[in-house]
Amino acid sequence: MPAPRLEITYCTRCRWLLRAGWTAQELLTTFPADLGEVALVPGTGGVFTVRLDHEMLWDRREQGGFPELPVLKQLVRDRVAPDRDLGHSDRKS
């Protein structure tokens, strides 16, 4: 089974490439052996979405803003490495 593909679609008109790139870098650093690919997909219309193997994890429009990195890491972790401790980024009990 191939490793999961994470896709970040960002608005080029809003100049969100740096935010998308930083998010990708953080996720690749946290999950170096669990993600097979992280793709940056240019879009328009204020889009900023994060999908894992076609499953929507975050949509800026639906959630009302950009994801906090610890929250996004938890969403990814819960799907690709559910037993992993994220340390300071993990949800508080």
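The values are calculated or read from the model by the stated rules, or taken from the named source; none is laboratory data. No experiment lies behind these values; they were computed from the predicted model shown. Note that we place each Cβ from the backbone using ideal geometry, even for glycine, and neighbour counts take in every protein chain shown. Surface areas here come from the heavy atoms of the whole protein model, side chains and all, with no ligands, DNA or RNA. Shrake-Rupley method; radii C 1.70, N 1.55, O 1.52, S 1.80 Å.
Restrict the search to segment 1-58; then list the trypsin sites (Lys or Arg not before Pro) that DSSP places in a loop and that have at most 12 other Cβ atoms within 10 Å of their Cβ.
Those that pass, being in a loop and sparsely packed, are 13, 15.
Tell me, what is the per residue accessible area of the chain in Å², probe radius 1.4 Å?
62 Å²
Expressed as an acute angle from 0 to 90° and rounded to the nearest 10, what is the orientation of the C-alpha long axis of helix 69-80 relative to the principal long axis of the chain?
60 degrees
Rounded to whole Å and sorted largest first, list the principal axis extents of the Cα atoms in the chain.
Principal extents (Cα only, largest first): 38, 32, 21 Å.
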